[in-house]
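Structure record follows, encoded as structure tokens.
Every number in this text was worked out from the coordinates using simple rules, so none of it is lab data. Just so we're clear, the structure is a prediction, and the values are computed from it rather than from any experiment. Here the Cβ is made from the backbone with ideal geometry for all residues, glycine too, and neighbour counts use every protein chain on show.
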Amino acid sequence: MSSELCAGDMAVQWQPFTCFHSVHGTNVRIDTTGTQATRVESFANGICFSRDPLEPGQLFLVEIEEKEWGWCGHLRVGLTARDPRSMEVVPEYSLPDLVNQGDSWVFAITRNHNKVVTEEEENSPSSGKGLLSDPYLKVGKYKISRDKLVARSRPGRFSHILDDLYKTNVLPPTALRSRIGVLYEPQSDGTRHMHTIINGEDMGASVRGIPASQPLYAVIDVFASTKSVRVIQLDYGFPSLQTLCRLIIQKHMMRRLDIDQLDLPQLLKNFCKFE
């Protein structure tokens, strides 16, 4: 169970160790720590679940560790109100099989067009601005430190091509090292909204009106071109001093490689360049 503290009007949660459930698709192998899921053959039967039901505002986050080229489709994430232990057989596909069985809601991650916004948000002058300037991700009353949410391409021979991504937001959703997660936000009418989080950005309420009568487990479908994912353990406290320093340095740097010229400890330079 999680405990909750208040910081202004935002909630800060502490999250226990998170891992995958022992019930999963027939093509998945879970490592001994319970935190890495790898599809061993074909492109389907890769559905995994969180070991425990999620708390409100608790993010179940995974990083894409391995890709398998030649398949059409990518990672799928979502929520289910079905206890995995009650399943006689885990469905082959999360979409449509698991969803068609009822009490499950799944979102397919694509290279583009993952963001779900309302008309009011689209017309907002602040929409999409200052994405990573805030050290917290905020979803309703919940906030999560961005320390571990944001994945970046590593600087290298062609870093100058990626500098625009360094100033904005990172990797394509389906790329190696991309970090993707799911959480739910309770509503005043007693229902819950499902939010998909990609590399530190809230994609909006991809599913609305989920009944609040049952606990919700995370669903991670290691599907098609996504071959292996690893659970990222999160801290729901304050951002680290390193993260705050990185945010300040980024505001004054045009290119990541310019960080090498700063009079800073090498470890801090590496951290600022996401190495």
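Taking every eigenvalue of the Cα gyration tensor of the stretch 196-254, multiplying by 5 and rooting it, what semi-axes result, largest first, whole Å?
Details: eigenvalues 189, 64, 38 Å².
Working from the Cα gyration tensor, I get semi-axes of 31, 18, 14 Å.
What's the extension gain from L262 to S240 if we count 0.36 nm per residue and subtract their Cα-Cα distance? Intermediate values should be presented prior to the final figure.
Details: separation 22, 0.36 × 22 = 7.92 nm, distance 2.05 nm.
Difference between extended and current length: 5.9 nm.
Any idea what the alpha-carbon Rg over 2.2 N^0.38 Å comes to for the stretch 52-121? Provide the component values of the computation, followed by the final result.
On the way: Rg = 14.5 Å, N = 70, 2.2 N^0.38 = 11.1 Å.
Compared with the compact-globule rule of thumb, the stretch 52-121 sits at 1.31.
Distance between the pseudo-spin-label points of E92 and T26 (7 Å out from Cα toward the beta carbon): 0.9 nm. With each pseudo-label sitting 7 Å past Cα toward Cβ, what's the R85-R111 distance in nm, one decimal? Each label point lies 7 Å from its Cα, and together they span 4.3 nm. Length gained on full extension, A175 to I248, computed as 0.36 nm times the residue gap minus the Cα-Cα distance: 23.6 nm.
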